[in-house]
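The values are calculated or read from the model by the stated rules, or taken from the named source; none is laboratory data. Here the structure is a predicted model, which means the values were calculated and not measured. Virtual Cβ from ideal backbone geometry, glycine too; neighbours counted across all protein chains shown. The area values use the complete protein model at the heavy-atom level, side chains included, leaving out ligands, DNA and RNA. Shrake-Rupley method; radii C 1.70, N 1.55, O 1.52, S 1.80 Å.
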Amino acid sequence: MTAQRPTPTPRGEEAVYFNHAANRELVFQRCSDCDRAVFYLRTLCPGCGSESLEVTVSSGLGTVYSFTTQYRAAHPFFAADVPYTLVLADMEEGFRLFANIVDRAPGDVHIGMPVETIFDPVTDELTLPRFRAATAGVPS
Ligand SMILES: [Zn+2]
């Protein structure tokens, strides 16, 4: 028996996020009251409690804050994919995104490495952001 891909059932703010991803847009929220970048999408700003959160499109550019390589699949569906590397990136707008990096072998990722977001349509209903190495860093 072949394992089926585990997929989320987006609702509320998650559905907004995944609908934008399907259109090849990475989105986060910007608080209109305290200017904080908020990610994942939610109802209240975690900084000031405001409900004035605006969905904003990210440049998709970031820098590796940390990373880990998976040698053991978290689900049987991904058994053929290991080893793979997951990156936690500081996005230039001030939030962090955790996603696979698709063009680097384990051991070929380092902290401070520039990355850019790409979009992987994994099913007809689900598109996931991924990272690939970028040639230019995030302006500081
Ligand atoms: Zn706020």
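A compact table of results
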| read-out | value |
| --- | --- |
| Residue-normalised accessible area of the chain, given per residue in Å² at a 1.4 Å probe | 60 Å² |
| Accessible-area composition of the chain, carbon plus sulfur, in percent [1.4 Å probe] | 48 percent |
| Between 0 and 90°, nearest 10: helix 13-22 axis offset from the chain longest Cα axis | 60 degrees |
| Local electrostatic count at N19 - Lys and Arg +1, Asp and Glu -1, tallied over other residues with Cβ under 14 Å | -3 |
| Net charge contributed by nearby residues that have their C-beta within less than 15 Å of A89 (K/R +1, D/E -1) | -1 |
| For the chain, the spread of Cα positions along each principal axis, largest first, Å | 48, 36, 23 |
| Using distinct alpha-carbon pairs, which all enter the 1/r mean, Kirkwood radius of segment 59-140 in Å | 13.1 Å |
| Net charge of Cβ neighbours under 12 Å - reference A99; Lys, Arg +1; Asp, Glu -1 | +1 |
| 5 Å-binned pair-distance histogram of segment 1-49 (Cα, whole percent) | 5, 19, 22, 18, 15, 10, 5, 3, 3, 1, 0 |
| Cα→Cβ-extended label distance, 7 Å offset, between T123 and C48, nm | 3.9 nm |
